[in-house]
Amino acid sequence: MNSTATDLRDPECIFCKIIAGEIPSERVHEDEQVIAFQDLSPKAPVHLLVVPREHHRDVRDLADRPELLAHVVQIASRVASEQADGDFRLIFNTGANAGQTVFHVHAHVLAGETLPEGEM
Ligand code: 5GP
Ligand code: ZN
């Protein structure tokens, strides 16, 4: 059987619930492949999350989906231009030791001022 996006949903996953509209979010972009919304605890003047609709654990899994990964980057760039000056920091926390807390792959887009060096 072919795998579809709806197969790739985890009923326990908070981002799958946000994508389904079961948990509210401040969306700034949505299309067939990804949504982008404001982070609940912003770490910069603009702090958005770009999230593939399909449930994948982390960015390592997106290495097998280069077109989807490229689309995430494209949308990160677009929302950074719409919400800030177009410059942005793109972060994929990958694994608990790297600070990942939601295990549905997402790109943090940080923008809106001269960002400090180093940690997010
Ligand atoms: P991670 O630590 O996994 O890289 O990032 C998870 C991010 O999701 C955190 O920055 C956290 O603030 C954000 N987050 C967690 N739960 C929610 C939520 O229910 N709504 C929104 N908008 N962001 C969330
Ligand atoms: Zn999910």
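Read the figures in this text as sums done on the coordinates, not as results from a lab. Quick caveat, the model's predicted, so the values are computed rather than measured. Here the Cβ is made from the backbone with ideal geometry for all residues, glycine too, and neighbour counts use every protein chain on show.
Taking amide H positions as placed 1.01 Å from N in the peptide plane, with prolines and chain starts having none, which residues 5 or more places from Arg53, or on another chain, fall under 5 Å of its amide H?
Val34, Ile35
Per DSSP helix of 4 or more residues, -39500 (n - 2.57); summed, then divided by the residues of the chain. What does that give at 222 nm, rounded to the nearest 500?
-6500 deg cm²/dmol
Residues of the range 43-82 with the amide nitrogen closer than 19 Å to a label point 7 Å from the Cα of Glu22, along Cα-to-Cβ, please.
Zone members listed by number: 51-57.
Give me the dipole magnitude in Debye, nearest 20, for the chain about the Cα centre, with unit charges on the beta carbon: positive for Lys and Arg, negative for Asp and Glu.
Dipole of the chain, to the nearest 20 debye: 140 debye.
Per residue of the range 24-36, what does 6.51 cos²θ - 1.76 cosθ + 1.60 with θ = phi - 60° give for ³J(HN,Hα)? Whole Hz please, x for Gly and Pro, Karplus curve as stated.
Going residue by residue, I get x, 8, 8, 7, 10, 7, 8, 8, 5, 9, 9, 10, 10 Hz, with x marking Gly and Pro.
Considering every Cα-Cα pair within the chain, what fraction, in whole percent, is farther apart than 24 Å?
Numbers: 1557 of 7140 pairs.
The calculated P(r) of the chain puts 22 percent of pairs beyond 24 Å.
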